[in-house]
């Protein structure tokens, strides 16, 4: 698997993901870091548990990087997702995208996190104060009609 | 000066800026990292030199953070800018914004970099292969009519 | 034989990460009908299926040696 | 006395980071006319001015002890 896309059970080193995309042609790096939030409205999370179909997840993260390269000129992307038990404020995901100019970097990293929530086989189990549940909303607060990736999305591996 | 906004002559530790905004209420951190790009079109940069009116620059970076807090609910921002000589791929600026939800994080960090290029007294001198020049375009490729901050912008310190 | 992988709440319903079954020639839809219903899994229309790590449609046909993953709505990030 | 600070290309034109002058009572515009033109600085309309680290307009009036910064178009980031 491409070294820029990986699943890990260890704490994520943000700088390691950034280092994968630093290069002389780039002037801008946008990163997105997803951390474990304690409260969702008034519901309190004690910790999270992430599970992945790791080999496929790495493939799908690579696919997202390939989609980004096709959409925005001269980008380089790294994505790392942690699995296992994560406590409050632990880093669950880091996306880093480098581009020559900054607007593309912002758009591409935003695209990456949306796509992760659509096609990467990783699941989050919330351990609340009052029980547990696997979270199934692919896009959190947004409700989408389309639950299954389009044919194009599925074959674009 | 607030510890979240600082000018330094030392190499920037990206993680240090991120650490300033990690908190249990946040689930998303967007960072923007500006690095020294080697080529601008076909012009080759050997190195850059940044100069700042440091005390005012820190004040203006704090002002940007305050503007962000007013525009996006429950954000926390850190901005660090390096000055002095910077070589290719060195980090010139890091912006980190944490928010409960990701869309605000992206929008706020994008806002921050645009505002830095408008109101923070820092100047970049390009050392090209064939000479030097102070760069005066506040917003790079975008040309703006307005060269002077509005009265509101000026007084919002 | 075909390997079936279960994740997240499906894994908990089935009580196993993986089972091996004789399913060559079956469609994905038939496989869902047989094995997800067996474990009382509802909302099977929300479950995506991957064969050998690529998403497939419900009318795809299985061959011996395939690895089939049942993928409930993902929630990474 | 009023301190005048010069940055970037202005600092190179003036040859100094700072000079102290008698300027209490002058407007910023008068200060620009006097001290920027003295050093052959063109495009003075692109030069912003800060007094005591806050941007001001050209009709602001200086008082003794002010620190005035001439700020050419910024290019941080």
Cα Rg over Rh - the protein assembly as shown, Kirkwood: 1.10
Rounded Å value of the spacing that divides the Cα centres of segment B:1-52 and segment A:1-55: 19 Å
Least to most buried among A:127, B:101 (fewest other Cβ within 10 Å first): A:127, B:101
Measure of compaction for segment D:2-71 (Cα Rg per 2.2 N^0.38 Å): 0.97
Chain A: calculated mean residue ellipticity at 222 nm from DSSP helix runs of at least 4, using -39500 (n - 2.57): -9000 deg cm²/dmol
Closest-to-axis residue of chain A (Cβ criterion, axis taking A to B), whole Å: A:31, 2
Among beta bridges that DSSP assigns inside chain A, antiparallel share in %, nearest 5: 90 percent
Cα-based convex hull volume of segment A:15-121 per residue, rounded to whole Å³: 104 Å³
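What is segment A:1-137's relative contact order, in percent, from Cα pairs under 8 angstrom and six or more apart in sequence?
Relative contact order here is 37 percent.
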Which of A:94, A:14 has the fewest Cβ neighbours within 10 Å, and the rest in rising order: A:14, A:94
Teacher prompt: residue D:67 distances to equivalent labels in other copies, 7 Å Cα→Cβ, nm: 6.4
For the axis carrying chain C to chain D: nearest C-beta residue of C, whole Å: C:77, 14
Shape category assigned to segment A:23-72 from the gyration tensor of Cα positions, a/c cut at 1.5: oblate
Pseudo-label separations to other copies for residue C:1 - Cα-to-Cβ vector, 7 Å, nm: 9.1
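Take every DSSP beta bridge with both residues inside chain D and express the antiparallel ones as a percent of the total, to the nearest 5.
The answer is about 75 percent antiparallel.
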Label point 7 Å beyond Cα along the C-beta direction, distances from residue A:130 to other copies (nm, shortest first): 7.2
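Values quoted throughout were computed directly from the atomic coordinates according to the rules given, and no laboratory measurement underlies them. Since the model is a prediction, treat every value here as computed from it, not as a measurement. Here Cβ is always computed from backbone atoms with ideal geometry, including for glycine, and neighbour counts include all displayed protein chains.
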